[in-house]
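Take a look at the structure set out below.
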Amino acid sequence: MDVLLHLADGILAALAPINLGLAFLGVVIGLFVGAMPGLGSVNGVAILLPFTFVIQQITGTATSPMIFLAAIYYGAMYGGAISSITLGIPGASTAVATTFDGRPLALKGEAGRALVIAAVASFIGGTVANVVFTGAAPLLASVALKFGNPEIFALMLLAFATFVGLGGDDIPKTLISIFFGLIVSAIGFDIISGTPRLLLFDSTVWFSRGIQFLVLAIGVYGIGEMLWTINSYRYDMKMTEADITMKEVGLSILRFREAWKGTAIGSLLGFFVGILPAAGATPGSLMAYGVAKMVSKDKSKFGKGQPDGVAAPESANNSASTGAMLPMMTLGIPGSPTTAVLLAGMVIWGLQPGPRLFTDQPDFVWPLIGSFYVSNVIAVAVNLAFIPLFLWVLRMPFTILAPLIFVLSVVGIYAAYQNIYDVWLMLFFGIGAFLLRILDYPLAPAVLAIVLGPIAEPTLRQSLILSDGSLSIFFTRPIAGPITVVAIILILLPLFGLIRRKIKASGRGGLTV
Amino acid sequence: MNLVSKISLGAAALGFAVLAAPVQAFEPVKPIDFVIMAGQGGGADRMARLMQSIVEQNDMAGRPLVPTNKSGGSGAEALLALKNATDKDHTIMVTLNSFFTTPLRQPGLEVDILSYAPIGRMAEDTFVLWVHKNEGINTFEEFVAEAKARGSDWVMGGTGSAQEDEIITNFLNGAFGLNMKYIPYSGGGAVARDLAGEQIDSSVNNPSEALGFYESGDVIPLVAFTDERLPFFPDVPTVREKGVQFAYYMQRSVVGAPGMSEEASAYYTDLFTRVFDSDEWQTYRNDKSLLGDFLSGENLMTYWEVQRERHETILKASGDIK
């Protein structure tokens, strides 16, 4: 009951006019930043950090500036979906998985429905995470600490397994796609030994920083998608009519039940991945998509506009962003780039983030948690209200939209990394993705691999140093063991299916597979 | 820029010229690229973000400092980013001791640290040996006995390979007959977390990295690798008191890209002198057990030369370089 009292106090404090106003402003800025390709929550909070010092001087507390930054973080999670669905360019790395099914829905003329699903799923994901956070933050922090390197690697293996064991897709092509992503993620400097790897031409210029994830994601889903659309609509440049009234928005909300499964998976899985060290909202959303597809009865509908495929990543990225706050607030350790900036803010506002924050600074912690709830409500309301406006983008003729996508992709990448090499690379990936798509290669596994590779590789190697090179470490530890076993079974599942089909086929006297 | 602000800017510049000769001809005209030579959450990262906040809060620079973490390859990524910077007058970096060790270990980078602009040394960070409270170890002697008994099953976690933490680990192994296993991490934050979660048995985190878990009582400091006891930990002995002549510090310096103009370098030296003198920085220094005076220019270059020589000796002794 103590917790509920604290929470009630916290929500009341968050509803104070100044805090409410800041939360609203933060959400709107976040929506915009999130929707802009190349800019994500980390850019939003970093750019506005100086502004929070002014807020602190006015309000005299560290809570209001933090509420403001947290609202930007939240808003950006909602905003990312907007460009993913309407333009097919991921607005932020956390919304990459949203393009998988959001974009096909939009092409079918159901962008409004996709946006509603994304908004409502985000709201549910955020709320579930908030409730879990409120109830069990200190407990979960100690669970997160039990995840050492072997456990995290086992979890990464599980994530890859969900993508291999999906069935439906062509398995060899899925594997090729994963390995391509892993190779790309290995480019740059090796963390463990410090040696440069796979550098092209002159080691000092090309690739020395590694391949940034957004370069691949915007290349594949911005440029690649644009080329694909041009190719498919060559003779018919008129896009589908996309229009929606507020009444239809309401009806879509009522129809939200269709995506409950994806939302449930995303909300829980996202939060869990979010609290783990080194993970965050991007891996969380991709894993949620994989699991939602795996448990679905209609696997073949995924990637073609399945509501669950929008709901899973969107609920997961909101849930994970709340989750990522947990190690920051309970342990003083940032789990993602955005939380690193928030942590820096806390230090300069005079707080000592760490295990004692909850006990020493209840006046800071509880209004902030209260504001998570408040910001979430503001974000879903603002988002739903603006859906008819977002759809205006889709009513533009494609002859205008295609150049716009191109310009936004190029500017977004340059703005993010301020380096022309990354722009060329992005275009290269875009053309490559278009060609691979014509050859029917699934691209999502490559994107997953480039996100998870940099987490999987060091944890694998650190674990092997720990065990003197023995793989048994992944089986004998109480948490890592079961996860590894499940992952291996998932990877082998399609193989069993293949063998069964072969036996059946040979039973009928045929040898073809 | 309108006339009024031009005039006021001119007046401000004049005021400066009177206060601090030589005349500062350089003013940043775009956001300053503020490279951090380490990952998120570690000592270098926290410090860099604090410096950025101090600059922003007190409006010290005309343009914002934009921090970017480049932790790849034990700092090689960051060193190259500065070496290849397109705008040398707007690219600065927060460094640590990998500034000395990484160019020694990777001659292929063709990095000469003396070509970097010596903007200012903000502090020397200190190292302390930490264990988890559940080990039941309260003194350095107990640590030596336990670690010796467990041999290579005693795991030390630290930042990077053949860098500060591994240098200290090698020293402990050699001087006290231990055989601890060393596991490299990408940053001090991850090391602190894994010690708190008992994934590793000990760390040599900087106080700033371990302070949160120290205050909550999860980790215990056993020995400091400094010449004298740290004011913040008066009961923690130095390794010198344990009979070995050893002390090791980490530089926390700001450097400019090689080829930075003298005017720009002078501008940044002035900027970081003011950061150093600010109340916020001085408080942070005291709270996080940082030592060392502000150094810049020739003095900093001399310090670098001495440190490079020392690290060359250490790395040769450990066999990391020939």
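The values are calculated or read from the model by the stated rules, or taken from the named source; none is laboratory data. In this text, all values refer to a predicted model and were calculated from it rather than measured experimentally. Positions of Cβ are backbone-derived with ideal geometry, glycine not excepted, and every protein chain shown enters the neighbour counts. Heads up: the accessible areas ignore ligands, DNA and RNA and are worked out on the full protein's heavy atoms, side chains in. Shrake-Rupley method; radii C 1.70, N 1.55, O 1.52, S 1.80 Å.
Here the extension length gained between A:SER472 and A:GLN352 equals 39.2 nm, from 0.36 nm per residue of separation less the Cα-Cα distance. The mean sequence distance of close C-alpha pairs (under 8 Å, at least 6 residues apart), as a share of the length of segment A:2-500, puts its relative contact order at 29 percent.
The solvent-accessible area of B:SER216, taken with every protein chain present and a 1.4 Å probe, is close to 40 Å². Rounded to the nearest 20, the Cβ-based charge dipole of segment B:173-322 about its Cα centre (Lys and Arg +1, Asp and Glu -1) stands at 580 debye.
Could you tell me the relative contact order of chain B? Use alpha-carbon pairs under 8 Å, at least six residues apart, and round to a whole percent. If you can, show how the numbers build up before the last one.
Working: 585 pairs, mean separation 82.2, N = 322.
Reported relative contact order: 26 percent.
Counting only protein heavy atoms and using a 1.4 Å probe, the accessible area of A:PHE213 comes to about 40 Å².
Using the Cβ of A:THR359 as centre and a radius below 13 Å, the other residues enclosed give a net charge of -3, where K and R count +1 and D and E count -1.
Determine the calculated [θ] at 222 nm for the protein assembly as shown from helices alone, applying -39500 (n - 2.57) to every DSSP H run no shorter than 4 residues and normalising by the residue count; nearest 500 deg cm²/dmol. Estimated from H runs of four or more residues: -20000 deg cm²/dmol. Selection among B:GLN163, B:GLY187, A:LEU464 by position relative to the dipole of the protein assembly as shown gives A:LEU464 as farthest towards the positive end (Cβ unit charges, Cα centre). With a Förster radius of 30 Å applied to the beta-carbon distance between A:ILE253 and A:TRP392, the computed FRET efficiency rounds to 0.90.
Rounded to the nearest 10 degrees, the inclination of helix B:3-19 to the longest alpha-carbon principal axis of chain B is 60 degrees. Lys/Arg Cβ at +1, Asp/Glu Cβ at -1, dipole of the protein assembly as shown taken about the Cα centre: which of B:LEU290, A:LEU435, A:ALA95 is farthest positive-ward? The listed residue farthest towards the positive side: A:LEU435.
Expressed as a whole percent, the accessible area of the protein assembly as shown that falls on carbon and sulfur atoms is 63 (1.4 Å probe). Rolled with a 1.4 Å probe across the full set of protein chains, the surface gives B:ARG229 an accessible area near 100 Å². How would you classify segment A:2-500 from its alpha-carbon gyration tensor, with a ≥ b ≥ c the square roots of the eigenvalues: rounded for a/c under 1.5, else prolate if a/b is greater than b/c, otherwise oblate? Rounded, because the longest to shortest axis ratio a/c is under 1.5. Give, as ranges by residue number, the residues of segment A:452-482 whose backbone N falls under 20 Å from the point 7 Å along Cα→Cβ of B:SER318. Counting backbone N atoms under 20 Å from the label point, the list is A:461-468. Here the 3J(HN,Hα) profile of segment B:220-235, calculated from phi with Karplus coefficients 6.51, -1.76 and 1.60 at θ = phi - 60°, is 10, x, 10, 7, 10, 9, 10, 6, 10, 4, 7, x, 6, 10, x, 8 Hz, Gly and Pro shown as x.
Given +1 at the Cβ of Lys and Arg, -1 at the Cβ of Asp and Glu and no other charges, the dipole of segment A:2-500 around its Cα centre is 760 debye to the nearest 20. Evaluated on the protein assembly as shown, the Kirkwood hydrodynamic radius is 27.8 Å, with distances taken between all distinct Cα atoms. Pairs B:LYS70/B:LYS181; A:LYS108/A:LYS304; A:LYS146/B:LYS133: which exceed 20 Å Cα-Cα? As for pairs spanning more than 20 Å Cα to Cα, those are B:LYS70/B:LYS181.
Distant-in-sequence amide contacts of A:ILE333, defined by a placed amide H-H separation under 5 Å and a gap of 5 or more residues or a different chain, comprise A:MET328. Using 0.36 nm per residue and subtracting the Cα-Cα separation, the extra length available between A:VAL377 and A:LYS299 on full extension is 24.8 nm.
Take the Cβ atoms of A:SER193 and B:LYS242, set R0 to 30 Å, and the FRET efficiency comes out at 0.40.
Phi angles of segment A:119-133 translate, via the Karplus equation with coefficients 6.51, -1.76, 1.60 and θ = phi - 60°, into HN-Hα couplings of 5, 5, 4, 4, 4, 5, x, x, 5, 4, 4, 4, 5, 4, 4 Hz per residue; Gly and Pro are given as x.
A simple spin-label model places the labels of A:THR59 and A:ARG500 5.7 nm from each other, with each point 7 Å out along Cα-to-Cβ. Rounded to the nearest 20, the size of the Cβ-charge dipole of chain B about its Cα centre is 460 debye, with Lys and Arg at +1 and Asp and Glu at -1. A simple spin-label model places pseudo-atoms 7 Å from Cα toward Cβ; at A:TRP424 and B:LEU291 they are separated by 4.9 nm.
The largest accessible area among A:LYS247, B:LYS322, A:LYS297, B:LYS133 belongs to the first residue in B:LYS322, A:LYS297, A:LYS247, B:LYS133, and the rest follow in falling order (1.4 Å probe, all chains).
The 1.4 Å probe gives accessible areas that order A:TRP424, A:TRP366, largest first, as A:TRP424, A:TRP366.
Work out the charge dipole of the protein assembly as shown with +1 on the Cβ of Lys and Arg and -1 on the Cβ of Asp and Glu about the Cα centre, then indicate which of A:VAL184, A:MET226, A:LEU384 is farthest towards its positive end. Among A:VAL184, A:MET226, A:LEU384, the one farthest towards the positive end of the dipole of the protein assembly as shown is A:MET226.
Amide H to amide H distances under 5 Å link B:ASP227 with no residue, where only residues 5 or more positions off or on other chains count and H is placed in the peptide plane. Among the residues of segment B:139-173, none has an accessible-area drop of 40 Å² or more from chain alone to full protein complex, heavy atoms and 1.4 Å probe.
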